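A.B. asks: Shown below is the structure under consideration.
All of the numbers you see were taken from the coordinates with simple rules; none came from a lab. None of the values given here were measured: they were computed from a predicted structure. Positions of Cβ are generated from backbone atoms using ideal geometry, with glycine treated the same way; all protein chains shown enter the neighbour counts.
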Amino acid sequence: EAGVAQSPRYKIIEKRQSVAFWCNPISGHATLYWYQQILGQGPKLLIQFQNNGVVDDSQLPKDRFSAERLKGVDSTLKIQPAKLEDSAVYLCASSLSGEDTEAFFGQGTRLTVV
Amino acid sequence: GENVEQHPSTLSVQEGDSAVIKCTYSDSASNYFPWYKQELGKGPQLIIDIRSNVGEKKDQRIAVTLNKTAKHFSLHITETQPEDSAVYFCAPSGRYSTLTFGKGTMLLVSP
C-alpha cells in the first residue's frame with residue numbers, strides 16, 4: 001500500500017515570497033490533515049478536511065495560509081506572503097475516516113524562510 | 001481547545017532498561033489515545049493506541065495505560081533497544097477526532 005506522498009521535500013524561499021506544498025493521501029482515506037512542526041516541538045494542526053469539506057481550521061493563519069482539497073483527494077497548502085516564523089516542517093497526514101482511526105503521515109516538507 | 005502535557009521532555013536509559021512517558025490532557029470528551037514515534041527526517045508513526053473503554057493495552061515490548069478519571073495515559077517500553085531512540089508524542093483525540101500532539105519526549109537508549 002502506497003503511503004502519503006508529499007512534495008517538495010525541501011524548499012527555501014525569501015520572506016514575502018509565496019510557496020505551495022502538495023499532498024497525495026492514501027487511496028480511500030476520507031480525512032486529510034495538514035500539520036506544522038516547528039523544530040523541537042510537536043506537530044500543530046493547521047487544517048483538517050473530511051472529504052473535500054473543512055472540519056477544523058481554527059489554527060490556520062487565514063491572512064496568509066490557504067488550503068484546498070480538490071475532489072476530496074489531493075490537497076495543496078499555500079503560504080502568501082511567507083514570514084521568517086513560517087520556517088518549519090509541514091506534515092500531511094490521512095486517515096480512513098477521522099473517527100479515532102490511525103493517522104498516516106508523509107515525510108513532510110521542510111520550509112526555510114530567509 | 002485540548003491542552004496536552006507530556007513528561008519528561010528527555011529520557012536517557014541504558015539498553016535493557018524500561019522507559020515510561022506520561023501524558024496529561026484536559027478534554028474530558030477525548031476517547032482515543034495514540035502514541036506516535038518520530039525518527040529524524042520522518043513523519044510520526046503510530047506505535048500503539050488505546051480507546052477509552054479499555055484501561056491497558058500491550059503489544060510485545062510496548063504498552064499503554066489509561067486513567068480517564070485522572071485524564072492521563074502513559075507509554076511503557078520494556079527491554080529498551082538502541083533502535084527505540086526517537087522522539088515520542090502523545091496525541092489525544094478530541095473534538096472532530098482532531099489529534100492534539102504533546103511537545104514530545106526524546107528517548108535516548110545507550111548500548
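A.B. asks: Diagonalise the Cα gyration tensor of chain A and give the resulting equivalent ellipsoid semi-axes, square root of 5 times each eigenvalue, largest first, whole Å.
C.D. replies: 23, 14, 13
A.B. asks: Against the 2.2 N^0.38 Å scaling, with N counting residues, where does chain B land? I'd like the Cα-based Rg ratio to two decimal places.
C.D. replies: 1.01
A.B. asks: Hey, which aspartates and glutamates would be in cross-link range of residue B:68, C-alpha to C-alpha under 18 Å, not counting anything within fewer than 8 residues on its own chain?
C.D. replies: Correct list for residue B:68: A:100, B:2, B:5, B:27, B:49, B:56.
A.B. asks: With only alpha-carbon atoms counted, please give the Rg and Dmax of the protein assembly as shown, in Å.
C.D. replies: According to the Cα coordinates of the protein assembly as shown, Rg and Dmax are 17.5, 50 Å.
A.B. asks: Here's another thing I want to ask about it. Can you flag which of A:44/B:42; A:11/B:42; A:71/B:42; A:44/B:57; A:44/B:103; A:44/B:71 are past 18 Å Cα-Cα?
C.D. replies: Over 18 Å apart, Cα to Cα: A:71/B:42; A:44/B:57; A:44/B:71.
A.B. asks: When Lys and Arg each count +1 and Asp and Glu each count -1, what net charge do the other residues less than 13 Å away from residue A:11, Cβ to Cβ, add up to?
C.D. replies: Residues near residue A:11 contribute +1 overall.
A.B. asks: Project the alpha carbons of region A:38-100 onto their principal axes and report the range along each, largest first, in whole Å.
C.D. replies: That works out to 34, 24, 19 Å along the principal axes.
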